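Step one of this worksheet: look at the structure below.
The values are calculated or read from the model by the stated rules, or taken from the named source; none is laboratory data. This is a predicted model, so every value here is computed, not measured. Note that we place each Cβ from the backbone using ideal geometry, even for glycine, and neighbour counts take in every protein chain shown.
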């Protein structure tokens, strides 16, 4: 494992934490929940104990603690955004993705006029925030096209309002390109690691995205470029969710320590079947209850990060 990766995601340490916290005592969980309510976050070992707790009554206490923290920080506020898939052209061949290169389906890239039409519809529905999504293709989706899309959205106004924040999900790129996004007025830059487990990552990805290090270091490059808000995420179902939760928090803690600011958001999607991906179920399915638990633990671990 390269040294610069190990500083961020130390797999041996994560596996050790999971092993050492396998059988938490009730008093340990209650002590951790009491600490969590102070809203100062949790360390990896404390998170490991919460992940390994099996008593339904203690798990219910986790949900209540997380709910209390959420209410004290955010109140009843929920923030909605609408996604727009701008281009399905992609040079990557990721096993789990419907946009994978081997998919023979026709590709589509919206023109700026088509984007204006879509934005007006969303504005008329009351939306103020959008997330634009692009496949990775330097020919079809160059950075200047992404910038033009952002500017087009901000300049499109309907009778019912305008878009105030454009969040962007594009592939890992360079500091220079992130500066272009910053100048265009990007809201949050979202980039999911998908899975933090290196062997699994290597097995599932083909193309430029197969570079684990490029993906992992990209949020830091965005911060260096002056982008204030960065979102991290895991596609749950690709590997053991307990490992992924610890790795996600470790990544957030690294960014906070190095740049003085952690991620603006965490995203916690679960992989869902898609005919073009060829899978009938994910390698490591995550149940509804486990998903709720993931969200609750992340809320306690990193209380001021949105989800």
Considering only residues that are within 25 Å of the chain's Cα centre (by Cα), more than 21 Å from residue 305 (Cα to Cα) and in a loop (DSSP other than H, G, I, E, B), which ones fall in the range 1-52? 1, 2, 7, 10
Quick test of your reading of the structure: residue 71 fulfils all but one of (1) within 30 Å of residue 166 (Cα to Cα); (2) surrounded by 12 or more Cβ atoms within 10 Å (Cβ to Cβ). Name the failing condition by number. (2)
Report those helices (runs of 4 or more DSSP H) wholly inside the range 122-204 carrying at least 2 residues which are in contact (Cβ under 8 Å) with a residue 24 or more places away in the chain and closer than 22 Å to residue 266 by Cα. 175-184, 198-204
Could you identify the single residue in 167, 141 that is in the same structural domain as residue 96 (by TED's automatic domain parsing), within 22 Å of residue 256 (Cα to Cα), touching a strand residue (DSSP E or B) at 6+ places or on another chain (Cβ under 7 Å) and at pLDDT 95 or above? 167
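Looking only at the range 265-290, which residues are surrounded by 16 or more Cβ atoms within 10 Å (Cβ to Cβ), in contact with a helix residue (DSSP H, G or I) (Cβ under 9 Å, 6 or more places away or on another chain) and outside any loop (DSSP other than H, G, I, E, B)? First the steps, then the outcome.
Start the filter on the range 265-290 by keeping residues that are surrounded by 16 or more Cβ atoms within 10 Å (Cβ to Cβ), which leaves 265-268, 270-271, 277, 282-284, 286.
Applying the additional criterion that residues be in contact with a helix residue (DSSP H, G or I) (Cβ under 9 Å, 6 or more places away or on another chain) yields 266, 268, 270-271, 283-284, 286.
Once the filter is applied, which keeps residues that are surrounded by 16 or more Cβ atoms within 10 Å (Cβ to Cβ), in contact with a helix residue (DSSP H, G or I) (Cβ under 9 Å, 6 or more places away or on another chain) and outside any loop (DSSP other than H, G, I, E, B), the range 265-290 yields 266, 270.
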Consider residue 76 carefully, then state whether it is surrounded by fewer than 18 Cβ atoms within 10 Å (Cβ to Cβ) and in contact (Cβ under 8 Å) with a residue 12 or more places away in the chain. no
Determine whether the range 218-240 contains at least one residue that is in the same structural domain as residue 302 (by TED's automatic domain parsing), under 27 Å from residue 122 (Cα atoms) and at pLDDT below 95. yes
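Considering only the range 225-244, how many residues are part of a loop (DSSP other than H, G, I, E, B) and out of contact with any helix residue (DSSP H, G or I) (no Cβ under 8 Å at 6 or more places or on another chain)? It would help to see each step written out before you state the result.
Step one: filter the range 225-244 for residues part of a loop (DSSP other than H, G, I, E, B), giving 225-228, 235, 237-240.
This time we only want the ones that are out of contact with any helix residue (DSSP H, G or I) (no Cβ under 8 Å at 6 or more places or on another chain), so: 228, 235, 237, 240.
So the answer is 4.
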